[in-house]
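The values are calculated or read from the model by the stated rules, or taken from the named source; none is laboratory data. Treat the numbers as computed from the prediction; the structure is a model and nothing was measured. With ideal geometry, Cβ positions are generated from the backbone for all residues, glycine too; neighbour counts draw on all protein chains shown.
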Amino acid sequence: MHIVLFLFIALVSVGYLFYAVVRRYRLTQKGRPEMRGDQPAKRWQYFLHNIILQKKVRDYPFFALCHFFIIAGFLILLPGIPNMAAEGLWHTYIPYIGNNPLYLLVKDLADIMLILGVAGLLLRRLINKPAWLKNNAAAFGKLGLILLIVLSEAGYHAA
């Protein structure tokens, strides 16, 4: 029964993802054409500074660290996702991930990093909020969902 439920949820999730991608693609096609390949060096520089190095949050070192904890934590947890599916569906594990004590230790540290990152960003929104930062239900919802994902992943391996 667990496999059927998992596959149903996975199918609904993939279906919704496909629907959302098609909807966004159609929305982009309504706009006027834009030349996106005209300044590759400038675009890569923008990507490196603003996306990878988080230039916009570097003015707030503590909050930049919280963002880094969340990004790095999810990147560390990424290899464990297929292993969780393999354990849940076929009662087996992926070699070097599911039975590797070093990866499991690093994964637990990533869980702690993620929880600390979410807690820090919640503190920013509740206590030390910059004037430009808007508090709304969507922002708190995103932090809550991140926390739910991390706690469910940590609880899965703790059980």
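Pull up segment 120-133, narrow it to residues that are over 19 Å from residue 68 (Cα atoms) and either modelled with pLDDT of 80 or more or of a type in the set (Val, Ile, Thr) (or both), then point me to the one that is surrounded by the most Cβ atoms within 10 Å (Cβ to Cβ). Filtering segment 120-133 for residues that are over 19 Å from residue 68 (Cα atoms) and either modelled with pLDDT of 80 or more or of a type in the set (Val, Ile, Thr) (or both), the one surrounded by the most Cβ atoms within 10 Å (Cβ to Cβ) comes out as 126. Candidates are the residues of segment 21-61 that are charged (D, E, K, R) and assigned to a helix (DSSP H, G or I); the one that is modelled with the lowest pLDDT is 56.
Residue 96 fulfils the conditions (1) without any contact (Cβ under 8 Å) to a residue 24 or more places away in the chain; (2) on the phi < 0 side of the Ramachandran plot except for a single criterion, (2).
Run down 85, 110, 64, 72 and say which single residue is part of a helix (DSSP H, G or I), touching a Lys or Arg at 6+ places or on another chain (Cβ under 6 Å), assigned by TED's automatic domain parsing to the domain that holds residue 144 and not aromatic (Phe, Trp, Tyr).
64
In the set (1) free of Cβ contacts under 8 Å to residues at least 40 places away in the same chain; (2) closer than 25 Å to residue 3 by Cβ, residue 49 fails one condition alone, (2).
Look through segment 138-150, keep the residues that are aliphatic (A, V, I, L, M) and without any contact (Cβ under 8 Å) to a residue 12 or more places away in the chain, and return whichever of them is surrounded by the fewest Cβ atoms within 10 Å (Cβ to Cβ).
It comes out as 138.
Take residue 63 and decide whether it is surrounded by 10 or more Cβ atoms within 10 Å (Cβ to Cβ) and under 30 Å from residue 119 (Cβ atoms). In short, yes. Looking at 117, 155, just one residue is under 29 Å from residue 10 (Cα atoms) and at pLDDT 90 or above, and that residue is 117.
Residues in segment 93-107 that are within 14 Å of residue 157 (Cα to Cα), of a type outside the set (A, V, I, L, M, F, W, C), part of a loop (DSSP other than H, G, I, E, B) and in contact with a helix residue (DSSP H, G or I) (Cβ under 8 Å, 6 or more places away or on another chain): 93, 98. Inspection of segment 20-27 identifies at least one residue that is outside the structural domain of residue 124 (by TED's automatic domain parsing), exposed (fewer than 12 other Cβ atoms within 10 Å of the Cβ) and either among the aromatic types (Phe, Trp, Tyr) or touching a residue at least 12 places away in the same chain (Cβ under 8 Å) (or both).
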